[in-house]
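Everything on this sheet refers to the single structure shown next.
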Amino acid sequence: MKVIYVNANNLQEIRQSSPNVAMALGYFDGVHLGHQKVIQTAKEKAKAQNLSLAVLSFFPHPKSVLCSDIAISYLEPLEQKIEKLEKLEVDIFYIVEFTKELAKVEANDFLDDYVIGLNAKEIICGFDYTYGAKASGTVKTLADYAAAHQVGLTVVEELKWNNQKISSTLIRKHLIERKLSELPNLLGGFYKTKYCQKNGILPNYSLPNVGSYKVLIEDRHASIECVATVKCKKYIQIHHEMSILSNLLTIEWVEQLKTIPS
């Protein structure tokens, strides 16, 4: 998979060599099952029309740029998102640098430059996708634009679990409420973070709320079941012989425990 960082300065150069693609649009934080449905739909369109499969997203999160006083709780860093998209057999991951200048770009101009401009022949997005200045672009305006430019458009309807829309917001809510055992129904697997024994949680991950949890630690190709107690938003206590573990750990969060080990 090619990972291509796009900004206003290099856009024209990238456009010159961009292949024809079926392009999935979204932020894709967590790459949950709803996101996977969008990407799978794009994959089917790409295969049917002999196109490359592309995903176009932003970094940093638009809210962190537009509301700098608000701390954004990411579910995962770009590196982990890249790993997941590669497993989904995405060919190109376009990461557009989100800036205050980009936030002012009108909806149709955004499509001209970053979607049609990157040779999207099929556009695939979720039912609630918005784009352009002040989120003025919606799936309705996108449909009008696609028809005018003779580009295919597929809008993927919401995916629900327990009558709730599967979303990054719902996943964050479950982390706060310690409902970890339900997350595989939203993510397709346990929520996963990377943790440094010295410096704490790596940037752009979210820990569950304070409490104790059953976890699986991936270490040297082995999986160790143990207990981890979240002390704050950055640090945890792992109830295991730490000297035999690596400094950098990958932790899968399985379920909340009602009692905290001594």
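Exactly one of (1) among the aliphatic types (A, V, I, L, M); (2) surrounded by fewer than 19 Cβ atoms within 10 Å (Cβ to Cβ); (3) under 30 Å from Lys173 (Cα atoms); (4) in contact (Cβ under 8 Å) with a residue 40 or more places away in the chain is unmet by Leu11. Its number?
The one condition Leu11 does not meet is (3).
Looking at Gln256, Gln237, which one is out of contact with any Cys (no Cβ under 7 Å at 6 or more places or on another chain), free of Cβ contacts under 8 Å to residues at least 12 places away in the same chain and not charged (D, E, K, R)?
Every option except Gln237 fails the conditions.
Residues that are in contact with an Asp or Glu (Cβ under 6 Å, 6 or more places away or on another chain): find the strands (runs of 3 or more DSSP E) completely inside region 167-241 holding 1 or more of those.
191-196, 211-219
Please find, within region 91-114, the residue that is surrounded by the fewest Cβ atoms within 10 Å (Cβ to Cβ) out of those that are closer than 12 Å to Val6 by Cα and either free of Cβ contacts under 8 Å to residues at least 24 places away in the same chain or more than 16 Å from the chain's Cα centre (by Cα) (or both).
Only one residue fits best here, namely Thr99.
Check region 33-46 and report whether any residue there is within 15 Å of the chain's Cα centre (by Cα), in a helix (DSSP H, G or I), surrounded by fewer than 20 Cβ atoms within 10 Å (Cβ to Cβ) and of a type in the set (Val, Ile, Thr).
No - not one qualifying residue is present in region 33-46.
In this structure, is Ile224 β-branched (Val, Ile, Thr) and touching a residue at least 24 places away in the same chain (Cβ under 8 Å)?
So Ile224 does not fit the description; no.
So which residues in region 200-225 are of a type in the set (D, E, K, R) and either out of contact with any Lys or Arg (no Cβ under 8 Å at 6 or more places or on another chain) or outside the structural domain of Leu183 (by TED's automatic domain parsing) (or both), if there are any at all?
Those that are of a type in the set (D, E, K, R) and either out of contact with any Lys or Arg (no Cβ under 8 Å at 6 or more places or on another chain) or outside the structural domain of Leu183 (by TED's automatic domain parsing) (or both): Lys214, Glu218, Asp219, Arg220.
From Gly152, Gly188, Gly126, which residue is at positive phi, of a type outside the set (D, E, K, R) and touching a helix residue (DSSP H, G or I) at 6+ places or on another chain (Cβ under 8 Å)?
Going through Gly152, Gly188, Gly126 in turn, just one is at positive phi, of a type outside the set (D, E, K, R) and touching a helix residue (DSSP H, G or I) at 6+ places or on another chain (Cβ under 8 Å): Gly188.
Give just the number: which of (1) crowded, with 19+ Cβ neighbours inside 10 Å; (2) in a loop (DSSP other than H, G, I, E, B) does Leu249 not satisfy?
Failed condition: (2).
For region 167-217, which residues satisfy the criterion of being surrounded by fewer than 16 Cβ atoms within 10 Å (Cβ to Cβ), under 20 Å from Leu78 (Cβ atoms) and of a type in the set (Val, Ile, Thr)?
Selection gives Thr169 alone.
Residue check, Val254 against (1) in a loop (DSSP other than H, G, I, E, B); (2) modelled with pLDDT of 95 or more; (3) among the β-branched types (Val, Ile, Thr), all met but one. Which one?
(1)
Every residue in region 105-133 that is under 16 Å from Ala22 (Cβ atoms) and among the aromatic types (Phe, Trp, Tyr), please.
Hits for region 105-133 are Tyr114, Tyr129.
Exactly one condition in (1) farther than 17 Å from Ser18 by Cα; (2) surrounded by fewer than 18 Cβ atoms within 10 Å (Cβ to Cβ); (3) in contact with a strand residue (DSSP E or B) (Cβ under 9 Å, 6 or more places away or on another chain) is false for Ser52; which is it?
Checking Ser52 against (1) farther than 17 Å from Ser18 by Cα; (2) surrounded by fewer than 18 Cβ atoms within 10 Å (Cβ to Cβ); (3) in contact with a strand residue (DSSP E or B) (Cβ under 9 Å, 6 or more places away or on another chain), the one that fails is (1).
The values are calculated or read from the model by the stated rules, or taken from the named source; none is laboratory data. These numbers were taken from a predicted model, which means no experiment stands behind them. Note: ideal-geometry Cβ built from the backbone for every residue, glycine included; neighbour counts use all protein chains shown.
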